[in-house]
Structure formats: structure tokens, C-alpha cells
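The values are calculated or read from the model by the stated rules, or taken from the named source; none is laboratory data. The shown structure was predicted, so the numbers you read here are calculated from the model rather than taken from an experiment. Cβ coordinates were reconstructed from backbone atoms using ideal geometry, including for glycine residues, and neighbour counts include every protein chain displayed. Note: areas computed on protein heavy atoms with side chains; ligands, DNA, RNA excluded. Shrake-Rupley method; radii C 1.70, N 1.55, O 1.52, S 1.80 Å.
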Amino acid sequence: MMEEKLTYEAALSELTAISKEIENETISVDALASKVKRASELIEFCQTKLKNTEAEVTKIIGRMENPEN
């Protein structure tokens, strides 16, 4: 599964690199399936990170707007 230390920026950077390899056709057919699998894991990681960040920011803003709660 995903490494705990993986950051959004690192995941995005790796996704960009995989994308460029595929676009430039510098990736071997043998490695293609594993690269696509890794890309899907990275996309899922990024989506989860964005959702969690959005939820946290919404919670913080809510507390700022209603400090008595």
C-alpha cells in the first residue's frame, strides 16, 4: 500500500514522470502494466489527501466562524 511518508507533492511528481514516460513511449510494454497500476494508486492517494485537507480546512473555518462551539 502507500507509504506513510508520501506527500501530495511527491505523488504528483511521480505521476507526472509516469505520464511523461507513457507519452514519450520510453516505457517498455513489460513495465506498462505496473506503471499504470502505480499511477492509479498515486491518483487515489492524491484524491484522498485533497478530500481530507478540504474537510480539515472546512472544520477550521467553521470553528473560526463559530468560536463558541
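So here's what we get for this one:
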quantity	calculated
Filter result for residue 11 (open to solvent by less than 70 Å² (accessible area, probe 1.4 Å), more than 27 Å from residue 53 (Cα to Cα) and at pLDDT 90 or above)	no
In segment 14-30, residue farthest from the chain's Cα centre (by Cα) [restricted to those that are open to solvent by 60 Å² or more (accessible area, probe 1.4 Å) and of a type in the set (A, V, I, L, M, F, W, C)]	29
Test: residue in segment 31-53 that is part of a loop (DSSP other than H, G, I, E, B) and exposed (fewer than 10 other Cβ atoms within 10 Å of the Cβ)	no
Test: residue in segment 11-21 that is free of Cβ contacts under 8 Å to residues at least 12 places away in the same chain and either acidic (Asp, Glu) or in contact with a helix residue (DSSP H, G or I) (Cβ under 9 Å, 6 or more places away or on another chain) (or both)	no
